[in-house]
Amino acid sequence: MSALNNIRILDFGRFVAGPYCAAMLADFGADVIRIDRLGGSEDRALTPVTEDQSGDGAIFLQANRNKRSMTLNMQSDRRGDVLRRLIASADVIIANVPPQSLQKMGLDYETVSQIRADIILANISSFGTKGPWAERPGFDSVGQAMCGSAYLTGEGSSPYRTPISWVDHATALYVAFGIMVALLERAATGKGQQIDGSLLGSALACSSTYLVEEAMVQADRQPIGNRSHINGPTDAFRTNDGWIVTQVVGQPIFERWARLVGEPEWLVDPRFASDRLRGTNGRVLSERMSLWCANLSSAEALEALARAGVPAGPVLSPKQALEHPQVKAMELFQSIWVPGLNRSAPLIQAPIHMSESSRRIRRPPPQVGEHTNEVLSELGFDPREIAEFRASGLI
């Protein structure tokens, strides 16, 4: 028995933030119905995983497991009855569009709450519901750029974004958390509510350390490569066969590191008396750590650091990450057969283990409209009506 077995979610999301939010809830049993465009929505083919680059891509596969798909032409004047029945059957609606677009779709909170009073509407926009940019489009990279992250990344000659879409994924998780809070609130009061998440809001929350510091002491931080402004030695170091990283935070770990690399006198050196000062003087610490690593293999360096209790890890390519024994031991990947690709895909389950609540990937990402007839039948439409919908281009 999964925790969300009795919860139905309509997923109008696209790309990562909305769909991944719904996927997290689907992993724990929610019945998630993805509302696809006729012929398939634009996010299906990104990052192709077949040699001929056809079919659903990696982004879609990971963010849409455990869902059913029905097609619905949201531009059609005939969508009203189908949309009303869908909303009436649902506990939660997830979308990721600007506020005005939500209203045009007939998915604004005022409209949907008239159909079902205790509905929970979760909308994800780029910039929130207020301000001069509220209606502008945006993606993960824009959030990275506007929160200070891209500015602080790199050596200073050019800002760098990470190809990992952490803003999208953080937003998905913040909104999933909001949905769970809203479900608990509804269970206590019987009331639904609206949840507004945004890419920029999530990016700012994740970047809060430097934003709060800047607001209070005007630190004017500048990019310093892989070093940390606020502790050290935190950096990437070349070994004789690769790269490793360390993150030394707090006096006890620094003391263990200093003894390991043969610098016990640095324990009374005023340059390194606190995390803040170790960040300020991090170049000296990184140079010493580079010398220590230079004649060691990554495995030798990491083993010595582990024995000393210093946090460290290897810099892995995606291929190496898949092969790492610790990654395999965590058992997060679940191989699932994808009929549309005619092959298995290794999808990553929700990365938490719970002693009582089960989470698993029960079904592959759906093909376009795979469950349209099934869902419409559940809503009370008969085969003749469904055939008419299909002939008219509504589904």
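So here's what we get for this one:
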quantity: Highest-MSF residue in the chain out of Leu260, Leu347, Leu211 [GNM, Cα springs under 10 Å]; calculated: Leu260
quantity: Dipole magnitude of the chain, debye to nearest 20 (Cβ charges: Lys/Arg +1, Asp/Glu -1, about Cα centre); calculated: 220 debye
quantity: Extension gain, Leu46 back to Arg362 (0.36 nm per residue minus Cα-Cα distance, nm); calculated: 111.5 nm
quantity: Residue-averaged [θ]222 nm for the chain, counting only DSSP H segments that reach four residues, each worth -39500 (n - 2.57); calculated: -11500 deg cm²/dmol
quantity: Principal semi-axes in Å for the chain [√(5λ), Cα gyration tensor, largest first]; calculated: 47, 24, 19
quantity: Degrees, to the nearest 10: 251-260 long Cα axis against longest axis of the chain; calculated: 60 degrees
quantity: For segment 333-340, 3J(HN,Hα) per residue [Karplus equation, 6.51 cos²θ - 1.76 cosθ + 1.60, θ = phi - 60°, Hz, x = Gly/Pro]; calculated: 7, 10, 7, 9, 6, 10, x, x
quantity: For segment 22-98 and segment 113-172, distance of Cα centres in Å; calculated: 20 Å
quantity: Kirkwood-Stokes translational diffusion coefficient of segment 235-315, alpha-carbon pairs, 10 °C, 1.306 mPa s, µm²/s; calculated: 126 µm²/s
quantity: Order of Ser157, Ser202, Ser298, Ser358 under a 10 Å beta carbon neighbour criterion, fewest first; calculated: Ser157, Ser358, Ser298, Ser202
quantity: Low-density loop cleavage sites - GluC sites (Glu not before Pro) in segment 121-189, where at most 15 other Cβ are within 10 Å (DSSP); calculated: Glu135, Glu155
quantity: Pairwise centroid distance, computed over Cα atoms, of segment 239-297 with segment 193-234, Å; calculated: 24 Å
quantity: Sequence of Glu287, Glu356 once ranked by neighbouring C-beta atoms within 10 Å, starting from the fewest; calculated: Glu356, Glu287
quantity: Candidate lysines - alpha carbon under 21 Å from Lys319, same-chain residues fewer than 8 apart omitted; calculated: Lys328
quantity: Size of charge dipole - segment 235-315 - debye, nearest 20, with Cβ of Lys, Arg +1 and Asp, Glu -1, no other charges; calculated: 180 debye
quantity: Estimated vicinal HN-Hα couplings, Hz - segment 164-177 in sequence order (Karplus 6.51, -1.76, 1.60; Gly, Pro = x); calculated: 6, 7, 5, 5, 4, 5, 4, 5, 4, 6, 4, 6, 4, 4
quantity: Sites Ser392 and Lys104 - FRET efficiency at Förster radius 22 Å, r taken between beta-carbons, to 0.05; calculated: 0.60
quantity: Point-to-point label distance, Val268-Met180, nm (Cα→Cβ direction, 7 Å offset); calculated: 5.0 nm
quantity: Gain in span if fully extended, Met330 to Ser355, counting 0.36 nm per residue against the direct Cα distance; calculated: 7.5 nm
quantity: Potential lengthening between Arg116 and Ser290 on full extension [0.36 nm per residue; Cα-Cα distance subtracted]; calculated: 56.4 nm
quantity: Estimated FRET transfer efficiency (Leu379, Gln222; beta-carbon r; R0 51 Å; 0.05); calculated: 0.35
quantity: Using alpha-carbon coordinates, inclination of helix 298-308 to the longest axis of the chain, degrees; calculated: 80 degrees
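All of the numbers you see were taken from the coordinates with simple rules; none came from a lab. Predicted model, so just to flag it, every value in this text is computed and none were measured. Note: ideal-geometry Cβ built from the backbone for every residue, glycine included; neighbour counts use all protein chains shown.
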